[in-house]
Amino acid sequence: MRIKKMIIVIIQLLFLWFLNELGYFLVKTFHLPIPGNVIGMVLLFVLLITGIVKLSWIEEASSFLIKHLAFFFIPIAVGLMNFGPLFLESGLSLLIVVIGSIIVGMYVTGVVSQGLANKKEGAKNDLTRHIS
């Protein structure tokens, strides 16, 4: 059973990798000003929303990737070590931009989450009213 699960995860990872590579191919072919991995994620999103790809088809691999997400940041952290002089020169400006981005991101996420929660609650109340 364990080998079967590993094979399923590998197949799902290959599918996700294919979408990523397809994104890079589309960027290169059509000279798009968007990173290929972003195009790949948009393709995956569209495939999931339209139901062409079911969540269960990629769920195991996605859970595996999220579970090990911290490992993907190690190369970035090591690469940042090469920019020590830049951080010394412009560190305060970068810090202000990062903190501002965090605040804006958290605010937008909160507003959208609250809006969706209120919409869901309103739909639930409408359903209860119609049933009563």
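Brief remarks on what is shown
- Restricting the search to helices (runs of 4 or more DSSP H) fully inside the range 23-132 and requiring at least 3 residues that are out of contact with any strand residue (DSSP E or B) (no Cβ under 9 Å at 6 or more places or on another chain) and not hydrophobic (A, V, I, L, M, F, W, C) gives 36-50, 59-67, 84-131.
- Of the residues Ser62, Ser56, the single one that is surrounded by 13 or more Cβ atoms within 10 Å (Cβ to Cβ) and at pLDDT below 95 is Ser62.
The values are calculated or read from the model by the stated rules, or taken from the named source; none is laboratory data. Predicted, not measured: the structure shown is a model, and the values here were computed from it. Glycine gets a Cβ as well: all are built from the backbone with ideal geometry, and neighbour counts include every protein chain shown.
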